[in-house]
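A short reminder: the numbers here are calculations on the coordinates, not readings from a lab. Bear in mind the structure is a predicted one, so any value in this text is a computation, not a measurement. FYI the Cβ positions are ideal-geometry reconstructions off the backbone, even for glycines, and counts take in every protein chain you see.
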Amino acid sequence: MMVAIEHYLAMGGYAVFVWPAFAVAVLIMAALAIDSVAGYRRRLRELALLEGDLP
Amino acid sequence: MFRFANPARFMRFSAAILPWCAGATALLLAAGLVLALFVSPPDYQQGEAVRIMYVHVPAAYLASLAYAVVAVASAVSLIWRHPLADIAAQEAAPLGAGFTLICLISGSLWGEPMWGTWWVWDARLTSVLVLFFLYLGYIALVHAFDDPTRGARAGAILALVGVVNLPIIKFSVDWWSTLHQPESIFRLGGPTIAAAMLWPLAVMALGFTLFFVTLLLVRMRSRLLAAKIRALRLVG
Amino acid sequence: MADETRAAFAGSDLACRRGERLIFAGLDFALPARGVLLLRGPNGSGKSSLLRLMAGLSPPEAGVISWNGDGIFDDAGAHRARLHFIGHSDAIKPTLNVLETLSFWAEMRGSGAAVPAALTHFRLSRLALLPCRFLSAGERKRLALARLIASPATLWLLDEPTTSLDAAGTEDLLRAITAHRAAGGRVVIASHGPLSLENAMTLALDDYTPRARAIAA
Amino acid sequence: MSGFLRLVRRDLRLALRQGGDAAMVLAFFLLTVALFPFGVGPEPEVLRRIAAGTVWVTALLAALLSLERLFLADYEDGSLEALVLMPLPLEIQVLAKALAHWLTTGLPLTVVAPLLALLLHLDRSGYGALVIGMALGTPTLSLIGAVGAALTLGARRGGVLLSLLVLPLYIPVLIFGVGAVEAQIIGVSARPHLLLLVALLLAAIPLAPVAAAAALRQAVE
């Protein structure tokens, strides 16, 4: 079992290329998602605050 | 065409479809990852390294798609002066730049085992690099003005200039690379691809596209909220 | 020029936006031949903005400005040919001399025949060959205003034309305006200071700010 | 004299009186090319190999140097506003200003280029293609540059931004310009490259003024 996983992770010797490629994709896409959603949440909060102030 | 162009209507419409988009994105990307990493077979020539294709090719496709969105939205904004189009163009650009960066880095990681070098001045990679510069120029220009409407207008013009120039640049780069590399070492993707790889690739590409659509909607909603906040502050 | 004097120059239901701020809305004006329209209002009330709308430099947020019934953007070239716009900046190059500067602007509009007359009117003949970097602020302003006479145009749009002018310079300008009106021309002036002009109409821009309109309604 | 020629004459006169601009561009061209032997070594074989590319890339950068000023002075002193309101269509005025820019930068660069190629030991057969290529390519640089200069008017860090916008668009001119010289040197006809440079110029003449004029209008709006 362990051998199978290790064999899989080694990616036929291309592990140093395959895994970073996927990692970079995940990283950049996660950064885009976090940036987008965080900005959106912040503005929702801000808006709720402003509308709460008004009568 | 302008059914959803009214900001209020856009907010309602996007609120309705956003959860579906997000859900579908998550499902497709998860399925795509499983297919790409476990189900699809290694290539008889490239071995396991071919798996890089499943991020590289969709990223390349999204990089172009996002630029097309920027360009179409820019044209709409210039012709009809629609504020929603400005927002769409400006918010699609950073996403497109992100995909372009993924495409470049994964291309480089794929190139090292295949070509034995991290960077090859091959026509396709070079074109993507130029596209990346166009994105950077667009984003820098949009943010370079104190008056945001000027930035939007200048950015829109630049996006259209870029669209006219991209095919010319692509053609010239292809021309240049045939002069310097007569034998094509290796084609990325292409029609010779096996069906067992086509499916995972299609699922990934669809997942990437929906990811882009979802984030574009979120970012556009965010911009409209910001405008509302500024309007409230101005009155209050 | 004959039918130019019968033409109506008017704007209806104009609104102007700068960035996200609405400066004025619901503004109407009409300016007949031989008329002068003075734009009044505090800073930021949109005097310059209205002048720029009239010049066709920017499109209004809402409403139409028309000349003889046709929107000024329908034939933008014809509108540009019939107007002079003298803004805040003087459009003067330090290395060109007074004569070259005035001739260039006049010839770009067709003919430099009236350049000597314009120099005489604004008392610049003596300085004709002086490079503009040696001009004082008042002389620069006079040179900018001399463009009005150096080539004919029926509609004059002047933004704070008396800034940095002395009494004699202001007098030169007023004489030019009087002659222009007598010939059937029209003038729009954005100005803080008082200007002694006969039968001038006044447009108070602070009546059209969103706030003023809300109070009136 | 038409308004077009009047505008060209005015810009040339300003360039001459202000002086320096064209001379500075040439000095930059000369100096930068002269740096390459220090960078790669003075061996004629090495220099010969990079001569065409070096001259072209440096010319590109030199042309970029004076671009920022193309509309900036007019924008700052109010002349641009007045020009926009002239009866002569703004697109034609852009063409006139681009022509004046080319006459004060592209043309001198073209004239000096063979001299610099000499310093870099360019193969003798390449000179014709170099000069013809630069004569055909540098006007396109001025036209594309006019679009960039118009877009960056009033922008923060306008000069750097201008380079970022314009340099990627210069790539085709560079490729065909250098390609012409290299084709000539290896004994192939330089004609396809030169014709492509002509095609680029013919495309830029109508398109660039439209884009630049649109950018100028929104800049004075």
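Remarks
- C-alpha long axis of helix D:3-18 to longest principal axis of chain D, angle in °: 70
- Extending 7 Å from Cα along the Cβ direction at A:ALA15 and again at D:MET24 yields two label points whose distance is 5.8 nm.
- In chain C, the DSSP beta bridges split such that about 45 percent are antiparallel, to the nearest 5.
- Between D:ARG157 and B:LEU232, the simple spin-label model (points 7 angstrom out along Cα→Cβ) gives 3.3 nm.
- Karplus-derived 3J(HN,Hα), 6.51/-1.76/1.60, for each residue of the range B:107-121, Hz, glycine and proline x: x, 5, 5, 7, x, 4, x, 7, 9, x, 8, 6, 9, 10, 7
- In this simple spin-label approximation, C:THR5 and C:HIS192 carry label points 7 Å from Cα along the Cα→Cβ vector, and these lie 3.7 nm apart.
- Taking the helices alone, chain A has a mean residue ellipticity at 222 nm of -31000 deg cm²/dmol, built from -39,500 (n - 2.57) per DSSP H run of at least 4 residues and averaged over all its residues.
- Along the range C:8-13 the Karplus relation, 6.51 cos²θ - 1.76 cosθ + 1.60 evaluated at θ = phi - 60°, assigns HN-Hα couplings of 9, 10, 8, x, 9, 6 Hz to successive residues, with x for each Gly and Pro.
- Antiparallel beta bridges, as assigned by DSSP with both residues in the protein assembly as shown, represent about 45 percent of the total such bridges.
- Under 5 Å between amide hydrogens, built in the peptide plane, is the criterion, and for C:GLY185 it picks out C:ARG34 among residues at least 5 positions away or on other chains.
- Gyration tensor verdict on the protein assembly as shown (Cα atoms; rounded if a/c is under 1.5, prolate if a/b is larger than b/c, oblate otherwise): oblate
- Using the Cβ-Cβ distance between B:PHE13 and B:ASP146 with R0 set to 56 Å, the FRET efficiency works out to roughly 0.95.
- What the phi angles of the range B:13-27 give under the Karplus curve with 6.51, -1.76 and 1.60, with θ = phi - 60°, is a coupling list of 4, 5, 4, 5, 8, 4, x, 5, 4, 4, x, 4, 4, 4, 4 Hz, glycine and proline written as x.
- Partner chain coverage, peptide B:55-63 - average Cβ within 10 angstrom: 2
- Average partner coverage of D:15-21, which counts Cβ from other chains inside 10 Å: 2
- Between 0 and 90°, nearest 10: helix D:107-119 axis offset from chain D longest Cα axis: 20
- Label point at D:PHE4 placed 7 Å out along Cα→Cβ; residues across the range D:118-136 whose backbone nitrogen lies under 20 Å: D:136
- Interchain or long-range residues, amide H under 5 Å from C:GLU61's placed H: C:ALA15, C:CYS16, C:ARG17
- Backbone N atoms of the range D:85-121 closer than 20 Å to the 7 Å Cα→Cβ label point of D:ALA34 belong to residues D:108-121.
- With a 10 Å cut-off around each Cβ of A:42-48, the average count of Cβ atoms from other chains is 4.
- Ellipsoid equivalent to the range A:2-51 - semi-axes via the Cα gyration tensor, in Å: 42, 11, 4
- Segments C:99-112, C:180-193 sorted - mean Cβ within 10 Å per residue, highest first: C:99-112, C:180-193
- Structure-based [θ]222 nm, chain B - -39500 (n - 2.57) summed over DSSP H runs of at least 4, per residue, nearest 500: -28000 deg cm²/dmol
- The peptide list B:72-84, B:88-100, put in order of mean Cβ contacts within 10 Å with the highest first, becomes B:88-100, B:72-84.
- With contributions of -39500 (n - 2.57) from each DSSP H run of at least four residues, the per-residue ellipticity at 222 nm computed over chain C stands at -10000 deg cm²/dmol.
- If you plug the beta carbon distance of D:VAL198 and C:VAL64 into 1/(1 + (r/R0)^6) with R0 = 35 Å, you get a FRET efficiency near 0.15.
- Using the Cβ-Cβ distance between D:LEU65 and C:ALA117 with R0 = 45 Å, the FRET efficiency computed as 1/(1 + (r/R0)^6) comes to roughly 0.60.
- Cα gyration tensor shape for the range C:109-190, rounded if a/c is under 1.5, else prolate or oblate: oblate
- With kT/(6 pi eta Rh) evaluated at 37 °C and eta = 0.692 mPa s, and Rh the Kirkwood radius from Cα pairs, chain D diffuses with a coefficient of 184 µm²/s according to Stokes-Einstein.
- Helix B:148-180 axis, angle to chain B major axis (alpha carbon atoms, nearest 10°): 10
- In this structure the amide hydrogen of C:HIS84, modeled in the peptide plane, comes within under 5 Å of the amide hydrogens of C:LEU155, C:TRP156, C:LEU157, none closer than 5 places in sequence on its chain.
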